[in-house]
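Encoded as structure tokens, the structure appears first; notes follow it.
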Amino acid sequence: MTRPHAGADRPSVLLVDDRPENLLALTAVLEPLDVRLVPAGSGEEALRALLAEDFAVVLLDVQMPGMDGFETAGYIRGRERSARTPIIFLTAVSTDISHVLRGYEAGAVDYVLKPFDPVVLRSKVAVFAELDRHRRGRERADELLRNAWESAPSGVVLIDGDGLVVRINPALAALVGSDEVGTAFAERFHAEDRDALVGTCQRVLVSGDPDTAELRLAGDGSGEVPVSVVASAVREAHGEARSLLLMVEDLRERKRAEAALERAAAERAARDEAEALAGRLARVAAITDGLDAMALDELVQELCRRLHEVLGARGAAVRVIDPGGAVVADAERGSVDTASRALRQALADGRGAVELDDGTLAVPLRAAGELFGAVAVGGANGTTPPGQRAALIAHAAERAALIIRRALLLEREQHVASTLQHDLLPHSLPDLPGVSLAAHFRAGGHGIEVGGDWYDVIPLSGGRVGLVVGDVAGRGVAAAARMGQLRSVARAYALEGHAPAAFAQRMNVYHRALSPDDLTTIVYAVIEPDRDRMSFVNAGHPPPLILPARGTPHLLEGVTPPLGVSDLPVHPETVVDFPPGTAIVLYTDGLVERRGEGVDSGLKRLLTAASASRDGLEALRDRVVESCLGPSSGDDDVTALFVRAEPELGPSTRFTLSPDGEALGALRRMLRRWLGEAGASPEDVAAVTMAANEAWQNAIEHAHDFAPVPISVAFERRGDEVFITTHDVGGGTRSRADPDRGRGLPLMEALMDEASFSFGGRYGGSVVLRRHLGAPRAEAASAQGAASRSAR
């Protein structure tokens, strides 16, 4: 896939000429076209542009100082990604056939002589731009078709006329346990159903009409799988059907639902018969009514008391167990020797009532095919006939079983929901250079009524910091699960380096695919300590609160629709100054909403609390939380993230670096800032920055071959010495010999007091640079000058 760039809907055209007036002329000629024009003043600049994006065509001047057009074209053709990029040579040198042939040998598709005809040149570029548009359109269409096949929830397989698998989608491969191509698809089915499948396929091939059959997959250790198979003929260009598309749907859930409906019907019939006896109904109600409002332990004690008292029994016992047989809750009343014995037998048998000779009766507690306990009643009084007494206890046990099971499920769901929510939130905040962090989270509601609030702090490449605070609509396990999915995807998009606006667009697309009927509000901010600024996007979320280093705290406007509202929402990006001493507060609505009052009152409380606090970040957090959360604000989750830009990076700090120009530039600025904090002279700053940049570029190119693999970078100050350590994970390949390259290691050695290198090891490679901050050195200045002349 091509790399996305600004104006990705328009083809890009690279203009390469060392003369600015020529670039202006080319721009004027091509400006009427619906293309994005990228100028480059040298071959080296052109190659850097090709690293950042792909181009529909390259207009390349032949004669340029340093790297001329032929050499530049050779490098372009030498890269796999740009090997097919069209190149049009522009030259005023000569019309000699040898120059023309050399241009075509270098990879040009056309050769235009200066002065050129603007209409002709514009027409040629328009052709290549249109070809690029068509190519990208085909790529998008192919990708959509491939994604539709891969993500289809139902099983789909394409087979040829002989019944052999041509292609099978993941859903069906998971169902049949194989994705092997070239095998007979009928072999996946039950031996008795294979002929039926083959016959259905042959009929469809002959008639051309779709056909349906319900068959059985052979299955594995779990047994056969009932499926519905819909066969359709796939016609080739000449109209003949030689292949079949089979849609295979798993019918197990439908079969289970039908069986459950049958069981439910039988249970209703039994209850109708039991309810015909009004007296029995009254006694059952006396035993079970109101139990569903109790917690499990209280429920079991109350059920045992009622069995003992309502039935006038000598003794009663109730026991609830988990799937492993461990006792979850237990209760006994009266004389329980025989009742306990009968209860143990009922639990051991688990299928039906157990009656002892003295009339003690024990009934297992079952629901939805699960055994989870038993009740036992010993020696009930003689006012109820023995047959009715057994039916009464069985019916009471049946109703109690449903109530107890519901209580068990509620406790399990409570545990799952709270565990999901708390485990998916960060357990600790990262230690980041240039910023300090504090957070507050409190779950609202009770039991499964936890919400979908979350926050995240994501260290980004080059010392930047990503901040996310989101709120998923709804409550319970479903909301917590969606929150976990969105949090993971948000972290992935942030680590890919997307700007806030692009991040919001991608999150909206994912949210629509995940749960199109739900809403999620989210704010995503990126702090850039190297530029003293912050950019953010707000999708339906409460406005962030910024506390300037000097000035009055205020709310940041710029709210756009929440995720899930529209297929193509517009999420504009806002950029604000964020110098040292500035703080930002991101929060969910639980911080500013109270029952019975408007949100404006909560925002006013927040502003007042922030204005009154000028102490540390944790003091700010405590004051805001204490002021904003009142006794009636416990129904919703409360999430708040506090971040402040610090004036110093500290004596030692760590960063990650990815192979993009923004990250590399940001890290250079962070290094200059850190060296300034260390009291480095301008000469020290220039030398260390140049040497470190060389080490970072070597790691990106040689160790990782420009792959998006993080590179670890550490700054450390020990007294008057600074150490810059760069560590890569290895795996790249060394570039072919180039007489104009290979000077990086001597340059680092010349600029630093010490440069140690370890390349190609099992655990990657590393470069450690050391320099004593102090008097200028002639050799370092000479090395810098040589490097500058080489760069020119």
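The values are calculated or read from the model by the stated rules, or taken from the named source; none is laboratory data. A quick note: this is a predicted structure, and the numbers were derived from the prediction, not measured. We place every Cβ from the backbone using ideal geometry, glycine too, and count neighbours over all the protein chains shown. Protein only, heavy atoms only, side chains kept; ligands, DNA and RNA dropped before computing areas. Shrake-Rupley method; radii C 1.70, N 1.55, O 1.52, S 1.80 Å.
Based on Cα positions only, what radius of gyration and what Dmax would you give for the stretch 321-383, in angstroms?
Gyration radius and largest Cα-Cα distance of the stretch 321-383: 11.8, 39 Å.
Above 15 angstrom, tally the Cα pairs of the stretch 1-82 and express them as a % of all pairs, no decimals.
54 percent
Please give the solvent-accessible surface of F441 in Å², to the nearest 10, using a probe radius of 1.4 Å with every protein chain present.
Taking all protein chains as shown, F441 has close to 50 Å².
What percent do you get for the relative contact order of the chain when only Cα pairs under 8 Å and 6+ apart count? Spell out each step's value before the answer.
Numbers: 1457 pairs, mean separation 46.7, N = 792.
In percent, rounded to a whole number, it is 6.
Between D517 and A218, what is 0.36 nm times their sequence separation minus the Cα-Cα distance? Round to one decimal in nm. List each step's numbers first, then the result.
On the way: separation 299, 0.36 × 299 = 107.64 nm, distance 3.76 nm.
Stretched fully, the D517-A218 segment lengthens by 103.9 nm.
Modelling each spin label as a point 7 Å along the Cα-to-Cβ direction, I'd like the E496/A368 distance in nm, to one decimal.
3.7 nm
Among Q485, T552, H238, pick out the residue whose Cα is farthest towards the positive end of the charge dipole of the chain, where Lys and Arg carry +1 and Asp and Glu carry -1 on C-beta, about the Cα centre.
Selected residue: T552.
With angles folded into 0 to 90 degrees, how steeply does helix 778-791 sit against the dominant principal axis of the chain? Use alpha carbons for both and round to 10.
Helix 778-791 sits roughly 90 degrees off the main axis of the chain.
In Å², what does the accessible area per residue of the chain work out to with a 1.4 Å probe? Working shown, then result.
Values: 38060 Å² over 792 residues.
The answer is 48 Å² per residue.
How large is the direction-averaged shadow of the alpha-carbon convex hull of the stretch 130-257, in nm²? Could you put the intermediate results ahead of the total?
On the way: hull surface 38.3 nm².
Projected over every direction and averaged, the Cα hull of the stretch 130-257 covers 9.6 nm².
Checking the cross-link filter: which lysines have an alpha carbon closer than 30 Å to that of K114, excluding same-chain neighbours under 8 positions apart?
Excluding near neighbours in sequence, the set is K124.
How many percent of the accessible area of the chain is carbon or sulfur, using a 1.4 Å probe? Spell out each step's value before the answer.
Values: 20000 of 38060 Å².
Exposed carbon and sulfur together represent 53 percent of the surface.
Could you list the square roots of 5 times each eigenvalue of the Cα gyration tensor of the chain, that is, the equivalent ellipsoid semi-axes, sorted largest first and rounded to whole Å?
Over the Cα atoms of the chain, the semi-axes work out to 66, 41, 24 Å.
Hey, with R₀ at 45 Å, roughly what FRET efficiency would L144 and A257 work out to, going by the Cβ-Cβ distance, to 0.05? Before the final figure, lay out each step's value.
Numbers: r = 34 Å, r/R0 = 0.75.
So, using R0 = 45 Å, E works out to roughly 0.85.
Give the Debye-formula value of log10 I(q)/I(0) at each listed q (0.13, 0.15, 0.17 Å⁻¹), with one equal scatterer per alpha carbon of the stretch 454-598, two decimals each.
At q = 0.13, 0.15, 0.17 Å⁻¹ the computed log10 ratios are -0.56, -0.74, -0.94.
At 7 Å along the Cα-to-beta-carbon direction for both D720 and E31, put a label point, then send me their distance in nm to one decimal.
5.7 nm
Quick one: dipole size for the stretch 544-687, taken about the Cα centre, charges +1 on Lys/Arg Cβ and -1 on Asp/Glu Cβ, in debye to the nearest 20. Please list the in-between numbers first.
Numbers: 14 positive and 22 negative charges, 84 e Å.
About 400 debye.
Tell me the Kirkwood hydrodynamic radius of the stretch 506-557 in angstroms, computed as one over the mean inverse distance between distinct C-alpha pairs.
Numbers: mean 1/r = 0.0760 Å⁻¹.
For the stretch 506-557, the Kirkwood estimate is 13.2 Å.
Once fully extended, how much extra length lies between Q485 and R133, figured as 0.36 nm per residue of separation less the alpha-carbon to alpha-carbon distance? If you can, show how the numbers build up before the last one.
Working: separation 352, 0.36 × 352 = 126.72 nm, distance 3.43 nm.
Working it through step by step, the gained length comes to 123.3 nm.
Taking the chain as the reference, fit the longest principal axis to its C-alpha atoms, fit the long axis of helix 43-52 to the helix C-alpha atoms, and give the angle between the two in degrees, 0 to 90, nearest 10.
With both axes taken from Cα atoms, the answer is about 10 degrees.
Taking only Cα atoms, what is the 0 to 90° angle, nearest 10, from helix 661-677's long axis to the longest principal axis of the chain?
80 degrees
Give me the number: length gained by fully extending D357 to S335, i.e. 0.36 nm times residue separation minus the C-alpha to C-alpha distance, one decimal in nm. Each step should come with its number before you reach the end.
Details: separation 22, 0.36 × 22 = 7.92 nm, distance 1.61 nm.
Gain on stretching D357 to S335: 6.3 nm.
Give the lysines whose C-alpha is closer than 30 Å to that of K255, dropping any in the same chain fewer than 8 places away, or say none.
The reachable lysines, counting only those whose Cα sits under 30 Å from K255, number zero.
Consider all pairwise Cα distances in the stretch 38-190 and report the whole-number % of them above 23 Å.
Details: 6374 of 11628 pairs.
The answer is 55 percent, as a whole percent.
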